[in-house]
Structures are given as C-alpha cells and as structure tokens.
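*Asks:* First, the structure itself, so that you have it in front of you.
The values are calculated or read from the model by the stated rules, or taken from the named source; none is laboratory data. Quick caveat, the model's predicted, so the values are computed rather than measured. With ideal geometry, Cβ positions are generated from the backbone for all residues, glycine too; neighbour counts draw on all protein chains shown. Just the protein is used for accessible areas: all its heavy atoms, side chains included, with ligands, DNA and RNA removed. Shrake-Rupley method; radii C 1.70, N 1.55, O 1.52, S 1.80 Å.
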Amino acid sequence: MKFDRLLSKAAARLQPASGNPDPVDPLVPPNDGLRGSGSWANEWAGAKSAVERAKSLTNIGRPRKGGAVKADITEGTVRVKPLMTSRDVKLYNWIVDRLEAEAPTCSLHCGVALNAFLTSAEATPEGDPLAGLVADLVITDEQGQPLMALLRENRADPRQQLLTLDALLDADVPIIDIQPRPVLSAMWAEISANLPDD
C-alpha cells in the first residue's frame, strides 16, 4: 500500500472548510463551505491519524524474518467483488429476520475466519493451523460468543472443508449444514436448538 498516496487522499478529505485551498491542487476540495457526509465520518474515525500511525508501524518494503519482502499494492489493482451470491443474501436476510423475532440479542456474521473466534495451541509465529479456514455464517450471542457455525459444502476444496469441520468439532462449536436447496423450517429447527433459552 502506498501510504503517501493514502495520506494525501485523507488530507484532502480532512481539509478544513474555512481554509484557503490552492485552486491548482486537484486533491484539495473547493472552499464552498459544503462537506459530504464521508468527510465528517473520516474526520470522526481519525483517518489521518490512522494512516500516520500505520505508516510509522509498517514494515512494507523491508525484509521479513524469512527474507521475503512485503510488496506494495499497485494503485488500480484492487477491485470489489460480491461478498455473497444473491441466494446467500436471501438466506442471510431470512435468518436475520428470524433471529430478530425469536432471539433479538443474537447476531449473524458472514464469512468469518475461524481464527477470529477460535485459537489453536499449535499456532506459532510461523504458522496457524486455522489460517485460511472460514465459516460461511456464524451466530453469536449478545457478548459476541459464537453459538454455532453454518457451513455449506466446499466442493472446490474438500480438504479445507474437512479441516474447518475438524476445528469446529474440536472446539465444540455446533455446526449447521447449509444444503444446496435448504428446507428453511428444518434449518431453523437446528438453529433454534442452539440458541439461548432466554
């Protein structure tokens, strides 16, 4: 990531409305007294200080312990891709609606890395056996404690599927299987069996 580029973009968004911007600088917004909601959000979130802090802590471009060098991200090479298919979005929304009605303190999370909510005694600085393993959906209680993981079949990488199942079983996290054409009533029966009583 080119932090100088990031810093200049963040500085442009945080330019005070009362300042005297240079009219030839394309990164400085016009001084018309108007600001978009994004500029307020970035100022509140501390975008400028976050970029400065990351820049001071980064080791991009410097060799790592193994000798490899972390590469910059070339501008224009990163694009957005869908987080879920339209069928997955419908299923997600259906589960959220049911949770809101029957377990309002619970929340549903999509595409959760296993090492975000599981920890392995075998993890070392060189490697984590949970790295790269992802649960399609995770339902948590009001404290953020995972209650269950919902998984669909991973035909592209059955080994990853097996490792994911093994890790969840080892941690005693209930697993709900998402069938290709799920019967919603049967799926909800499995989900509700693992929800808190109150």
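*Asks:* For segment 82-198, report the accessible area per residue in Å² (1.4 Å probe, heavy atoms, rounded to an integer).
*Replies:* 63
*Asks:* Tell me the label-point distance for the pair Glu52, Asn154, using the 7 Å Cα-to-Cβ offset, in nm and rounded to one decimal.
*Replies:* Here the modelled spin labels are 4.2 nm apart.
*Asks:* Report Rg(Cα)/(2.2 N^0.38 Å) for segment 101-198, keeping two decimals.
*Replies:* Normalised by 2.2 N^0.38 Å, the Cα Rg of segment 101-198 equals 1.11.
*Asks:* What distance in nm separates the simple spin-label points at Glu126 and Ile175, each placed 7 Å from Cα in the Cβ direction?
*Replies:* Label at Glu126, label at Ile175, 2.9 nm between them.
*Asks:* Could you please put Glu122, Glu102 in sequence from largest to smallest accessible area, using a 1.4 Å probe?
*Replies:* Glu122, Glu102
*Asks:* If I compute solvent accessible area with a 1.4 Å probe over the protein chains, what percent of it on segment 151-198 is carbon and sulfur?
*Replies:* So the carbon and sulfur contribution to the accessible surface is 51 percent.
*Asks:* Could I ask something else about it? Quick check: residue separation of Arg87 and Ser185 times 0.36 nm, minus the Cα distance between them. What number comes out in nm?
*Replies:* 33.6 nm
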